[in-house]
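Below is one structure, written out as structure tokens, with a few remarks after it.
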């Protein structure tokens, strides 16, 4: 299993999409830092920054997770891999672990780079006044953002594993966020306690009036989202184990 | 104990019966050809052997292990390619092999050896997407050889190759057989199999219509005969009929229903009636003829 896991980490790291995404994100960070520099960024407002990056990082997590297995189905390399390691559960677990761990590491690194860049901007042409405790507060939020991106990656991975296609997973995610969540909020608001979006909000920000139907703590929302991702991965594993590979 | 066996293997996809009760076995060290037209069930049979699809009934065993349940214990001794080898197009050939090899603990030196063996040493660092189909096929064969396997399962290894490439693959298969490996190769290119395999199974519409040593299958597929060239075919036919020898015209020749040992009888019968032959040779069936004759009926039945 460790060999397989190592191979999957190498595959993830060598993917063009990962590199392009990281480069684009770094470009965004550079641009953001320039804006912060010109706007005289205050270090005390740093804890708000990870919240602003949450949405793009969750999307990146979803995309990288879904495409990691989706691209393999598209290229047909799953067939080749299974002729080398026929234990399908191992194969899928190794891929899932490599995918989600990599998403976590990448999103954390991007946030670290962003925070470092903004700190430099604040010290060069901004303010560091009143910024006591910013680091621990920012780190806690950044960890939650990366955890959320990782969960999104796991869910995207599960969708693409079942749909055998990245586009299927992206389409399903888009339809869920745009159609289903909005329908539920409009027609059955009391069900919104079970929506990904509401729970993600509580997980990041804590319980608030913005999420009136979610009667969960921050930890509870995190656990709920983890269980959701684990359930979808379990379904994907079952499907991967039983379906023919043609 | 057979190295590989299929017993009453069946596989259906909904209403489509892809493999319908196929049975054969392969002994250690044999080179075995699985023949059949496109859609005959060759690739599905191989997918069943490799655990990629689950049989609807019957079963397969590789190196004594049931497929798919027992495959993990023997997969390290089996090298395979299924249809066109599917590798990462944006990785180099070398990187693809290194990644696959890493799963089985195969190191870079073995990757180098294999790339040299399949003639890709110079292009090993190029992206696979820049390879021709033939080069991909050779890389796939290289991947199958990485583990130095006892049993090779190759699905259409000469697919997409030019004539020179086909000869190269044939030589490679022959050398692998000489090394004592068991080679199971599926193909619809009959010369590829006739020149390399000891045994064959011919599939048609999911059924095995002939199974056995190549010689036996050739004999069973077509009656023995002699081909005779004479100037006057009608007179020759008459002369043979008068001598009680069954014959018919066949593409400008006379085909006589006698084994090669009957050549003297034919010569005498023709000479006695003043017909002098200019050519006499055994009518040796090739695999292509047998294949076409054996598969025609079942293909038409399937339609």
Exposure proxy ranking, count of Cβ atoms within 10 Å, fewest first, for B:60, B:48: B:60, B:48
Calculate for chain B the 222 nm mean residue ellipticity that helices alone would give, adding -39,500 (n - 2.57) per DSSP H run of length 4 or more and normalising by residue count, nearest 500 deg cm²/dmol. -11000 deg cm²/dmol
Note on the stretch A:201-246: contact order normalised by length, alpha-carbon pairs under 8 Å, 6 or more apart, percent, works out to 28
Please order B:77, A:241 by the number of other Cβ within 10 Å, starting at the fewest. A:241, B:77
Quick check on chain B: what does the Kirkwood estimate of hydrodynamic radius come out to from the alpha carbon pairs, in Å? 21.4
Expressed as a whole-number percentage, the relative contact order of chain B with C-alpha contacts under 8 angstrom and at least six residues apart is 19
Prolate/oblate/rounded call for the stretch B:1-90, Cα gyration tensor, a/c under 1.5 rounded: rounded
Whether the stretch B:61-213 is rounded, prolate or oblate, judged on the alpha carbon gyration tensor where a/c under 1.5 counts as rounded: oblate
As a check on your grasp of the helix formula, calculate [θ] at 222 nm for chain A: sum -39500 (n - 2.57) over DSSP H runs of n ≥ 4, divide by the residue count, round to the nearest 500. -26500 deg cm²/dmol
Relative to the first principal axis of the alpha-carbon coordinates of chain B, what is the inclination of helix B:233-242, with its axis defined by its Cα atoms, in degrees from 0 to 90 and to the nearest 10? 70
I'd like the Kirkwood hydrodynamic radius of the protein assembly as shown, using the inverse of the mean 1/r over distinct C-alpha pairs, in Å. 27.8
Quick shape check on chain A: root eigenvalues a ≥ b ≥ c of the Cα gyration tensor, a/c under 1.5 is rounded, otherwise prolate if a/b tops b/c, else oblate, and it reads oblate
Restricting to Cα pairs below 8 Å that are 6+ residues apart, what does the relative contact order work out to for the stretch A:150-234? Please round to a whole percent. 29
So for A:217, A:119, A:2, fewest C-beta neighbours within 10 Å to most, what's the order? A:2, A:217, A:119
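No lab work stands behind these numbers, since they all come straight from the coordinates. Note that the structure is predicted; figures quoted are calculated from it, not measured. Because the Cβ atoms are built from the backbone with ideal geometry, glycine has one as well, and the counts that use them run over all protein chains shown.
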